[in-house]
Amino acid sequence: MNNDNKAKYAFGMVGLGTMGRNLLLNMADNGFAVTGYDKSEKMLQFFEEEGKKHDLKGFADIEQFVGSLQSPRTIILLVPAGAIVDSVILELQPLLAKGDIIIDSGNSHFTDTSRRYLELKEKGIHFFGMGISGGEEGARFGPSMMPGGDKEAYAVVKDMLEAVSAKVNGDPCVTYIGAGASGHFVKMTHNGIEYAIMQLLAEAYDIMKNGLGYDNNQIQQVFEKWNNGRLKSFLMEITKDVFLVKDDKTDAFLIDVIKDEAKSKGTGKWTSQVAMDVEMPIPTIDAAVTTRNLSKLKNLRVELNEAFGETEKIKADADFIEDLEEAFYFAMANAYAQGMHLLWKASIDFEYGLNMAEIAKIWRGGCIIRAEFLEDIYQAYQKQPDLQHLFSDKNVQAKIKKSLKGTRNVVTSGINAGLGIPCFTAALTYFDTLKTGRMASNLTQAQRDFFGAHTFERIDSEGIFHADWNKNL
Ligand code: 6PG
């Protein structure tokens, strides 16, 4: 269909929920001609009300919506991940022409994005999987965005994306991520790191509350102090504020009346699943995913708490809170390092061609895992673009070394007190194993060969060997 005479909008959005509306308003504020499509009259009404300043109009009819867009038509989808994305694409397809661009900005699974990319490529339609981070505020005032797919289509949206994105030192928090589904892969990994940092904050809270007996005000003050130093980050900032909020139904702090069962939409789990597939260890992220699942076993936890009793208090000296800051720094560094390591491997296995420094750079602002520490990560990959692991960087090494003593004290104190601190513990055991020159895995190989003739390699000669273990007993 060709409606160029009526076409007046440069960009269209399918899905006018809060995220979609906010992103469109952000685009309109930046001078772009935008419109939206949503089946819900209510959403269209909100959109027109909130966009009064720009005289924004939306469509409830998909043909009219597509017809109102200039060529190449550039359509952003902000609808729930999964089957809805496929059904929207199916509706759009007959109305589109070769060269048009669809950008899926939801948290889609990267394998769905690969499939959609190939299906639409056959029809001459460009498809982008683009992760967006920053929540509702980010979408409205500057998110971090991770677009991956056709490079020539990126040229069409580059200026708009750079204009609406968050900025750090004037640099936009968006870049062309790479081929195929790389945009969604990188956003998924971002969320895996997000799960780990959130769980580490929860464990630090648990240590202070149940290990040290701190009240909410004391805990708030510690997080506030940390946020003024090297641990400064978006998640630390909102966490310190959580402890200030009173419940409006009772006299309690709101945090104390929230049920201790954490929900999730799946991106953390996907990160762990694919890490297993590509054989990349990311145990700090895995522990965060597992801990959300543990939290859901409320009845069982209460029953076993009665059977096994309470935890003990930590026998803390005056420096313990400083040690906890070091442990947080150490474990946080492990979470980022594992996420980056996964990206390094995915880039090879899936031929994404990722630029690791650019990824760290666009995560410095706008997104949920933005943090002071990302500057160190950015510098490390800028110095050495093919760096396999963040811990091979000399600057990071020096900082990690300094935080080790405090970390060991916190982890052992927490374990001795009987606290569940899976993410802190996973970070330390990952690190200790990773720095082991000769692991005990020779025994695993011996066992495999003993019971299943699975063979082994030797340290002193090339080749594959098998021993008759029973004969040599
Ligand atoms: C972001 C967030 C966003 C969303 C999470 C929540 O970067 O803006 O990651 O995508 O809030 O997906 O995930 P869970 O519901 O799984 O915690």
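The values are calculated or read from the model by the stated rules, or taken from the named source; none is laboratory data. The model shown is predicted, which means the values in this text are computed figures rather than measured ones. Every residue, glycine as well, gets a Cβ built from its backbone with ideal geometry; the counts of neighbours run over all protein chains shown. All accessible areas refer to the heavy atoms of the entire protein, side chains included, with ligands and DNA or RNA removed. Shrake-Rupley method; radii C 1.70, N 1.55, O 1.52, S 1.80 Å.
Going through (1) touching a helix residue (DSSP H, G or I) at 6+ places or on another chain (Cβ under 7 Å); (2) touching a residue at least 40 places away in the same chain (Cβ under 8 Å); (3) open to solvent by less than 10 Å² (accessible area, probe 1.4 Å); (4) of a type outside the set (Val, Ile, Thr) one by one, Asn30 falls short only on (3). Is one or more of the residues making up region 386-403 under 16 Å from Phe328 (Cβ atoms) and within 22 Å of the chain's Cα centre (by Cα)? Looking for residues that are under 16 Å from Phe328 (Cβ atoms) and within 22 Å of the chain's Cα centre (by Cα), one finds at least one in region 386-403, hence yes. One residue stands out among those in region 275-292 that are outside any loop (DSSP other than H, G, I, E, B) and of a type in the set (Asp, Glu): the one that is farthest from the ligand (Cβ to nearest atom), which is Asp277. Of the residues making up region 216-246, just one is free of Cβ contacts under 8 Å to residues at least 24 places away in the same chain, farther than 30 Å from His184 by Cα and open to solvent by less than 20 Å² (accessible area, probe 1.4 Å), namely Phe223. Among residues of region 263-274 being within 15 Å of the ligand (Cβ to nearest atom) and either of a type in the set (S, T, N, Q) or part of a helix (DSSP H, G or I) (or both), the one that is farthest from Gln220 (Cα to Cα) is Gln273.
When you look at Leu78, is it at pLDDT 95 or above, open to solvent by 10 Å² or more (accessible area, probe 1.4 Å), within 16 Å of the ligand (Cβ to nearest atom) and under 18 Å from Thr35 (Cα atoms), yes or no? Walk me through it before giving the result.
Working: at pLDDT 95 or above: yes; open to solvent by 10 Å² or more (accessible area, probe 1.4 Å): yes; within 16 Å of the ligand (Cβ to nearest atom): yes; under 18 Å from Thr35 (Cα atoms): yes.
Yes.
The number of residues in region 84-96 that are more than 16 Å from the ligand (Cβ to nearest atom) and open to solvent by less than 40 Å² (accessible area, probe 1.4 Å) comes to 5.
Going residue by residue through region 248-262, is there one that turns out to be in a loop (DSSP other than H, G, I, E, B) and either within 14 Å of the ligand (Cβ to nearest atom) or surrounded by 18 or more Cβ atoms within 10 Å (Cβ to Cβ) (or both)? Outline the logic, then answer.
Narrowing region 248-262 to residues in a loop (DSSP other than H, G, I, E, B): 248-252, 258-262.
Now restrict to residues that are either within 14 Å of the ligand (Cβ to nearest atom) or surrounded by 18 or more Cβ atoms within 10 Å (Cβ to Cβ) (or both): 261-262.
Among the residues of region 248-262, at least one is in a loop (DSSP other than H, G, I, E, B) and either within 14 Å of the ligand (Cβ to nearest atom) or surrounded by 18 or more Cβ atoms within 10 Å (Cβ to Cβ) (or both), which makes the answer yes.
Scanning region 33-48 for residues that are open to solvent by 20 Å² or more (accessible area, probe 1.4 Å), of a type outside the set (D, E, K, R) and touching a residue at least 24 places away in the same chain (Cβ under 8 Å) turns up Ala33, Ser40, Met43, Phe46. Of the helices (runs of 4 or more DSSP H) lying entirely inside region 293-410, the ones with 3 or more residues being under 22 Å from His184 (Cβ atoms) and open to solvent by less than 50 Å² (accessible area, probe 1.4 Å) are found at 320-349, 356-362, 373-383.
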